[in-house]
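Data block below; observations after.
The values are calculated or read from the model by the stated rules, or taken from the named source; none is laboratory data. Fair warning: this is a prediction, and the values are worked out from it, not measured in the lab. Counting neighbours? That spans all protein chains shown, and the Cβs are built from the backbone with ideal geometry, glycine included.
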Amino acid sequence: MTSAGQLFGRDPRHGPLPRLLLILTVVTGLVDAVSILRLGRVFVANMTGNIVFTGFALVGAPGFSLTASLFALVGFMVGAVAGGVLIDHRGHDRALLLSGGARCELVAVVAATAVAASAGTTLTSAAADAIAALLAIAMGVQNAVARRLAVPDLTTTVLTMTLTGLAADLRSRNREPALLRRLAAVTTMLGGGVIGAWLVLHTSVPVTLGVAAAILLIVTAGIAVARRHPGDWRSPVTNR
């Protein structure tokens, strides 16, 4: 089996999960574009960066919102807890787990879209904080679910170790499958950021979040179709 086949759904170990997780990686780029460009330089998906931004805000660095950063941190933890509850109830079946996670994300992103639409063209501090919290909840769920799904190199939210592996394993003889996964993860995150930034700068926050919600609908539909087909990929990964 070719490495491309392993990535795009013909690997019996993971089935359709790799391509669905790559689509979720696009969502990460979209929502972080919204949060950084419109909510006061706050990450809603990357909590390492958000903690650093919180430190900047604490010392009064201009352009950083302490409240938005704190709301995002709390929201992410709430989302991760919700993801843990999903894992407890659906972790025995990776298809059910991803389905539940995508639906929870969709609800949070739609709620954030509604808040942004009701706030008008100029977001108040309260609206920005609420949007940051809702998007961070979505990303907390996504991160917890992706961690449990345990598809190699497809965390959907953080690329630090992906880039490290990409560079460190270049000389490895059996690098092709991992290399392709890592390149795909970086490319989809970059693509999500580019699309998100363009939409934020040329349209509006509600439109950008609406696109993110539409992508989550695609993932929800995709996993609904995949659930009709049993396979080993649905069993939880135990050798993590």
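Can you name the condition, by its number, that L201 falls short on among (1) in contact (Cβ under 8 Å) with a residue 60 or more places away in the chain; (2) surrounded by fewer than 18 Cβ atoms within 10 Å (Cβ to Cβ); (3) under 22 Å from A111 (Cα atoms); (4) within 15 Å of the chain's Cα centre (by Cα)?
(4)
Tell me whether the range 141-160 contains one or more residues that are over 25 Å from P16 (Cβ atoms) and without any contact (Cβ under 8 Å) to a residue 60 or more places away in the chain.
Within the range 141-160, not a single residue is over 25 Å from P16 (Cβ atoms) and without any contact (Cβ under 8 Å) to a residue 60 or more places away in the chain.
Condition (residue is surrounded by fewer than 16 Cβ atoms within 10 Å (Cβ to Cβ), farther than 21 Å from P206 by Cβ, among the charged types (D, E, K, R) and without any contact (Cβ under 8 Å) to a residue 40 or more places away in the chain) applied to the range 8-26: is it met by at least one residue?
yes
Quick one: in the range 31-46, which of the residues that are more than 17 Å from L159 (Cα to Cα) and in contact (Cβ under 8 Å) with a residue 40 or more places away in the chain is surrounded by the fewest Cβ atoms within 10 Å (Cβ to Cβ)?
L37
In the range 47-89, which residues are within 21 Å of L106 (Cα to Cα) and surrounded by fewer than 19 Cβ atoms within 10 Å (Cβ to Cβ)?
Within the range 47-89, V74, M77, V78, V81, G84, V85, D88, H89 meet the criteria.
Could you tell me whether any residue of the range 75-97 is modelled with pLDDT of 95 or more, of a type in the set (K, R) and out of contact with any Gly (no Cβ under 7 Å at 6 or more places or on another chain)?
The answer is yes, given that some residue of the range 75-97 is modelled with pLDDT of 95 or more, of a type in the set (K, R) and out of contact with any Gly (no Cβ under 7 Å at 6 or more places or on another chain).
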